[in-house]
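Structure record follows, encoded as structure tokens.
The values are calculated or read from the model by the stated rules, or taken from the named source; none is laboratory data. Computed from a predicted structure; not experimentally measured. Positions of Cβ are backbone-derived with ideal geometry, glycine not excepted, and every protein chain shown enters the neighbour counts. These accessible areas exclude ligands, DNA and RNA; they are computed on the full protein's heavy atoms, side chains included. Shrake-Rupley method; radii C 1.70, N 1.55, O 1.52, S 1.80 Å.
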Amino acid sequence: MAEFKLVIGGRAVRGDREIDVVNPATEDIIARCPAASAAQLDEAVAAAKSAFPPWAQTPVEKREALMREAAAAIRARLDELSRVLTAEQGKPLNLARMEISRACDALDYFAQQRMPRRIFRETQSELIYEQRKPLGVVAAITPWNFPVILLTNKLGPALITGNCVVAKPAPTTPLTTLRIGEICADILPSGVFNVICDDNDLGAALTGHPDVAKISFTGSTATGRKVFASAAPDLKRVTLELGGNDAALILDDADLEEAIPQIYRSAMTNSGQVCMAIKRVYAPEALYDEVCERLSEAAQSSTVGNGADPGVDMGPVQNAAQFRKLKALLGDCDKQGKLTQGETPRSNRGYFIPPTIVKDIPDNAPVVQEEQFGPVLPVLQYADLEDALARINDSIFGLGASVWSRDIARAVKLGERIDSGTVWINRHQSVDPSVPFRGARQSGMGAELGEAGMWEFTQAQVVNIMKEAAFQRRPSSSVS
Ligand code: NAD
């Protein structure tokens, strides 16, 4: 693959060192990725800091135009970028294309958004309103499952509200982010959007940097805890989008013909490496065998292979560490439950895990308690709905959940009792840039997307005006 460079202060620069990027379908090294030194991290933050005042002062219409130009320039290279994304991440090419297209749509969507003043009181003598001001330098840290859309979900709201960004992708999927950084560097003013890479060793330096005003982090709950702690000394603003263990609750009146293909897709898309994937299914006793059978049939008819090959609907898992983790988990599932698995390619290269349905597994098994983040789906049985709800809510996570039923009102009533940031009824994994997404409990803090997501990149300031005429009539009574 052609050379990749860091983007610091509008320039593409070599890193201080290089790391290998591996194609998870072949285990071949596909590129050498530049990794930044601590000094280059400082340079990136300094570039963003000096770009901030003029960018914040740039009329919002101009910021919108530049963001739209950037989205169009990325879209124009959709084929090339999708191939890079599939090669580094492993996902099927059509999913890579969809991710990049949606990322461009998200940039366009946020480019159009505005944060109007909120007026609390406006009389002849007073005007009190709240305005939203940008924060400064935003550290945008992303994981390896959706490197592009998770980047633009941060970049869009950060830029339109007037902030500058230093992005840091995961070390196993840095390439698409670097290319997007280079494309944007030709359009955005220098320093507005910087990209640095690391070998999983600069995250703490970036989040702890005194000139970073805001951390927008997507990743695991374990790393999220460290990020939150690193923000404490300067009381930095933090948004944490973390892990999940979403449950699908199937009710006894669910339309399985409709529901099962959707549940399967919502569990297995991107090889199960989706924060809001369905990670456990709860089925009523009467439907348990049928649910397991239908899911098993879907697993056995999936085509697993190199995401670059036509007809493949599931790629490998993204990296060697995740592959080893899932192998160990499968070993445990095999001991404690019953597995039905699909096929993987015959070659012994590539991080392929077969789509797996796990039946008759106890609630305390790791695959039920933890976030598996792979194509392994446990199906659990319940006799009593109250008991099912209690088991679903007995988790440190609370990202999403879904309830499946022909009776929408009944499903909504039960869904509202699940402790999660989102509950879907008869669907799962439905997200939209206009709708806020957030985790309850240890699945996160703050929101991404929607108006609430944009607020996270701003400081609210109340402007409280006593108009002159009234001021002259009556001295202000201030409370200190
Ligand atoms: P991870 O936490 O290992 O890494 C995420 C990012 O954090 C990477 O860029 C990594 O280099 C960086 N990092 C590592 N140590 C750091 C530190 N001390 N300080 C700051 N940054 C540091 O996560 P991952 O394994 O790449 O991604 C998978 C996880 O992400 C899963 O748990 C998944 O559920 C979660 N995720 C959540 C959402 C959401 O919106 N809630 C979306 C996608 C993924």
Problem - Among (1) over 27 Å from residue 45 (Cβ atoms); (2) touching a residue at least 60 places away in the same chain (Cβ under 8 Å), the one test that residue 118 misses - result: (2)
Practice task
Could you grab me the full set of residues in the stretch 347-377 that are in contact with a helix residue (DSSP H, G or I) (Cβ under 6 Å, 6 or more places away or on another chain) and under 15 Å from residue 287 (Cα atoms)?
Solution key: 359
Handout entry: Residue that is nearest to the ligand (Cβ to nearest atom), among those in the stretch 439-453 that are open to solvent by less than 80 Å² (accessible area, probe 1.4 Å) and part of a helix (DSSP H, G or I)
Key = 443
Exercise for the section: Say whether the condition of being at positive phi, open to solvent by 10 Å² or more (accessible area, probe 1.4 Å) and at pLDDT 95 or above is met by at least one residue in the stretch 428-438. Expected result: yes
Problem - Top-ranked residue of the stretch 131-157 - restricted to ones that are within 24 Å of residue 235 (Cα to Cα) and open to solvent by 30 Å² or more (accessible area, probe 1.4 Å), ranked as nearest to the ligand (Cβ to nearest atom) - result: 135
Problem - Looking only at the stretch 158-179, and only at residues there that are farther than 20 Å from residue 101 by Cβ and touching a Pro at 6+ places or on another chain (Cβ under 7 Å), the one that is farthest from the ligand (Cβ to nearest atom) - result: 162
Exercise for the section: With the condition kept exactly as written, say whether any residue in the stretch 373-384 is among the polar types (S, T, N, Q), over 20 Å from residue 328 (Cα atoms) and in contact (Cβ under 8 Å) with a residue 12 or more places away in the chain. Expected result: yes
Problem - Per-region count, the stretch 220-263, residues open to solvent by 20 Å² or more (accessible area, probe 1.4 Å), away from the ligand (no atom under 11 Å from the Cβ) and assigned to a helix (DSSP H, G or I) - result: 4
Practice task
Among the numbered conditions (1) loosely packed, with under 14 Cβ neighbours inside 10 Å; (2) in a helix (DSSP H, G or I); (3) at pLDDT below 95, tell me where residue 475 comes up short.
Solution key: (2)
Fill in the blank from the handout: Among (1) in contact with a Gly (Cβ under 9 Å, 6 or more places away or on another chain); (2) open to solvent by 10 Å² or more (accessible area, probe 1.4 Å); (3) within 30 Å of residue 307 (Cα to Cα); (4) aliphatic (A, V, I, L, M), residue 361 falls short only on (3)
Problem - Looking only at the stretch 181-219, and only at residues there that are closer than 19 Å to residue 36 by Cβ and among the β-branched types (Val, Ile, Thr), the one that is farthest from the ligand (Cβ to nearest atom) - result: 192
